[in-house]
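Read through the structure below, which is laid out as structure tokens, and then see the notes.
We did not get these values from a lab; they are worked out from the coordinates using the rules stated. All values reported here derive from a predicted model rather than from experimental measurement. We place every Cβ from the backbone using ideal geometry, glycine too, and count neighbours over all the protein chains shown.
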Amino acid sequence: MSTVEYMRTIREKYNKLGYAPYGWHKAEEAPPWTALTRSLSECRVGMMSTAGTYVAGQEAYFYKDDTSHRAIASNTAIDDLRFSHLTENYLPDARQDANCAFPLEPLRKLADEGVIGGLADNVFSCMGAVYSKRRVDEELAPQMYDAFAAEGVDVAYLVPL
Amino acid sequence: MCLIARYLEQRGIPTLVVGTALDILEYGWAPRAVFMDFPLGHGGGPLHDPAMQLAIAREACAAFETLSEPGRIISSARTWPDGDAWKQGASDDGADDVRQPRDLTPRYQLEADRQLAEAAAGD
């Protein structure tokens, strides 16, 4: 069976509902590239999700262009993870088993096994439904770069909702 | 997420996007990507399936070392455990509003989370 055409489906749905279309940004230029400088088994791995993950006790996300992020200690108990995201219809499984959208336990296991050199002390999430590309470019992306850099990560494992 | 991946990569952090929407991944053109043909919300894998979740993370991490061409997407051969029936619902453009209100109110998963967070903020 062919893959789901999410962009077409969501555009048509929003059009029927009278919503402004969600504007995915089409990249026109080939992506930049940074080669790994060491083997993965020596890399400190960072992780980030756009699923609106937070830890019980942290502030949840709001749904209108929230460009904040949460730092989540990578030894956090999986049952303390929560999710808030504009499209809550994609969250029911993650809310029962956070690893569905925020694969913290699998990455911890790979660190234990030595497949990756280690997991950063803090991993991250934001709420990905930001309708303003300008605010992603000017607020969210620089914030996430600073956060990953402060963790001293060698590579970043990124999981969109 | 592809915008963030490109931003990080541009500034010297190698990235890998592990996504479940192929058309959105192609449009955003991340430096490295692994696609799994799973329902949205399952980039880590199926519910309560730690073996498959671990296998996915292992497979995805390997792509850091095997991908060498900017912008290529590896399509995983993994299939969703319950078959493809979920695609029917995901392709439905019916007019059910699945979005929550877009405003500035934090939306807690649990009421207890709100109380905890508000107590922490009040300290």
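The table for this structure:
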item: The range A:38-159: C-alpha gyration tensor shape, a/c 1.5 cut-off, then a/b vs b/c; result: oblate
item: A:LEU17-A:GLU113 FRET efficiency (beta carbon distance; Förster radius 45 Å; 0.05 resolution); result: 0.45
item: Candidates B:VAL17, B:VAL98, B:VAL34, ranked by Gaussian network fluctuation over chain B, Cα under 10 Å, top entry; result: B:VAL98
item: Whole-angstrom gap from the range B:22-99 to the range A:1-22, using each part's C-alpha centre; result: 18 Å
item: Backbone HN-Hα couplings from phi across the range B:22-27 [Karplus 6.51/-1.76/1.60, Hz, Gly and Pro as x]; result: 5, 5, 6, 4, 5, 4
item: FRET efficiency, 1/(1 + (r/R0)^6) with R0 25 Å, evaluated for B:HIS48 and B:ALA90 via beta carbons; result: 0.75
item: 5 angstrom amide H check on A:LEU119, placed H, neighbours 5+ away; result: A:VAL45
item: Residues whose placed amide H lies under 5 Å from that of A:LEU86, excluding near-sequence neighbours; result: A:ALA129
item: Vicinal HN-Hα couplings computed from phi for the range A:118-126 (Karplus, 6.51 cos²θ - 1.76 cosθ + 1.60; Hz; Gly/Pro x); result: x, 9, 4, 4, 10, 10, 9, 9, 9
item: Once the Cα gyration tensor of the protein assembly as shown is diagonalised, semi-axes √(5λ) in Å; result: 26, 23, 19
item: Ranked by how many other beta carbons lie within 10 Å on average, peptides A:63-70, A:32-39 from highest; result: A:63-70, A:32-39
item: Within-14-Å neighbourhood charge of A:PHE102 [Cβ basis; K, R +1; D, E -1]; result: -1
